[in-house]
Amino acid sequence: MHNVRLDRIEETKGRAASDPQATMLQVNMAGAWQADDGDPQFAGTVTFAQGDARLEADFPPFLGGDGRTPSPLTYCFFGAMACYGATFAMQAAMAGVEIRDLRVTLALSVDFHTALGLGEHVPLSRFDFEVQVDTDASDEEIQRVKQLADERCPAIWAMENPVPYRTRAQKV
C-alpha cells in the first residue's frame, strides 16, 4: 500500500513473536576527516540492504568549511524528517489509510554559540514537522495516524528521551 510492503511488516511481526532480534537493525558506520583543501571535510560509506553509498559532509563557511556538501547536521535533520515521514506512511498503511501523496517539512534553527566557545546556549530550537497528506481519509483518521507516528517514530523517541552514548579518543 502506497509503497509500504505490508506483507514484509506482517512477516516481521510474526517472527518477532519468537525471535526478538527480528525487529533489530544493527548500525555500524565509519568515516574519516579529509585534510586536503580540495575535499569536503568528512566522508564515509554507509551500507544498506541493497548496497552502499558514500556520504560527504562539509561545514558551512561561517563554521570553517566551504559548504561544498550538506553539513553533518543536515544529515541528522534530514534523517529525522525522513524517519517521521516513513513512520507516518507505515502507520497509515498498517491502519488501512491509503495515501496518494505525502509531503513532510521540518523547520528549526541551530545556535552555534556553544560550539564556537562563546558561552552556553541551547543549540537547537523546537523541531516543527508538518505533514501534508493527499488522501480520501477523514481528518479524524489522519489525526489517528499522526498520533501513531508520534508514538512510534524512533526519531521522535530520541528527541524525547536521553539516548546513552559513549565517546573515546586515542592516539594511533
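The values are calculated or read from the model by the stated rules, or taken from the named source; none is laboratory data. Remember, predicted model here, so these are calculated numbers, not experimental data. Please note: Cβ atoms are built from the backbone with ideal geometry, for glycine as well, and neighbour counts cover all protein chains shown. Calculation scope for accessible area: heavy atoms of the full protein, side chains included, ligands and nucleic acids excluded. Shrake-Rupley method; radii C 1.70, N 1.55, O 1.52, S 1.80 Å.
Of note:
- Label-point separation, residue 127 to residue 28 (7 Å along Cα→Cβ), nm: 2.7 nm
- Candidates 151, 160, 98: whichever shows maximal mean-square fluctuation once the chain is modelled as a Gaussian network with Cα springs under 10 Å: 160
- Theoretical FRET efficiency, 1/(1+(r/R0)^6), r = Cβ-Cβ of residue 158 and residue 45, R0 25 Å, to 0.05: 0.60
- Evaluating 6.51 cos²θ - 1.76 cosθ + 1.60 at θ = phi - 60° for every residue in segment 114-127, the Karplus couplings come out as 4, 4, 8, x, 9, x, 7, 9, 5, x, 10, 7, 4, 7 Hz, glycine and proline recorded as x.
- Remark: segment 151-163, residue by residue, has Karplus-estimated 3J(HN,Hα) of 6, 10, 6, x, 5, 5, 4, 5, 6, 9, 10, x, 9 Hz, where x stands for each Gly or Pro and the curve is 6.51 cos²θ - 1.76 cosθ + 1.60 at θ = phi - 60°.
- Heavy-atom accessible area with a 1.4 Å probe sorts 113, 2, largest first, into 113, 2.
- Note on surface exposure: 167, 114, 87, 105 rank 167, 105, 114, 87 by accessible area, highest first, 1.4 Å probe.
- Matching label, Cα extents along the principal axes in Å computed from the structure shown, candidates (i) 51, 35, 31; (ii) 57, 30, 28; (iii) 49, 39, 30: (i)
- For residue 69, residues with placed amide H under 5 Å, excluding near neighbours: 58
- Solvent-accessible surface ranking, highest first, for 76, 153, 83 at 1.4 angstrom: 76, 83, 153
- With all protein chains modelled, accessible area of residue 146 [1.4 Å, Å²]: 80 Å²
- Computed from Cα positions, the angle between helix 6-16 and the longest principal axis of the chain comes to roughly 80 degrees.
- In the context of the full protein assembly, residue 159 retains an accessible surface of approximately 90 Å², using a probe radius of 1.4 Å and ignoring ligands and nucleic acids.
- 222 nm mean residue ellipticity, helices alone, for the chain (DSSP H n ≥ 4; -39,500 (n - 2.57); rounded to 500): -10500 deg cm²/dmol
- Cα centroid of segment 112-139 to Cα centroid of segment 1-62, whole Å: 22 Å
- In loop segments of segment 53-117 as defined by DSSP, the trypsin sites (Lys or Arg not before Pro) with at most 16 further C-beta atoms inside 10 Å of their C-beta are 68, 100.
- Label-reachable residues, segment 90-132, where backbone N falls under 19 Å from a point 7 Å from residue 13's Cα toward its Cβ: 90-99
- HN-Hα J in Hz across segment 61-72 - Karplus 6.51, -1.76, 1.60, θ = phi - 60°, x for Gly and Pro: x, 5, 10, x, x, 10, x, 6, 9, x, 6, x
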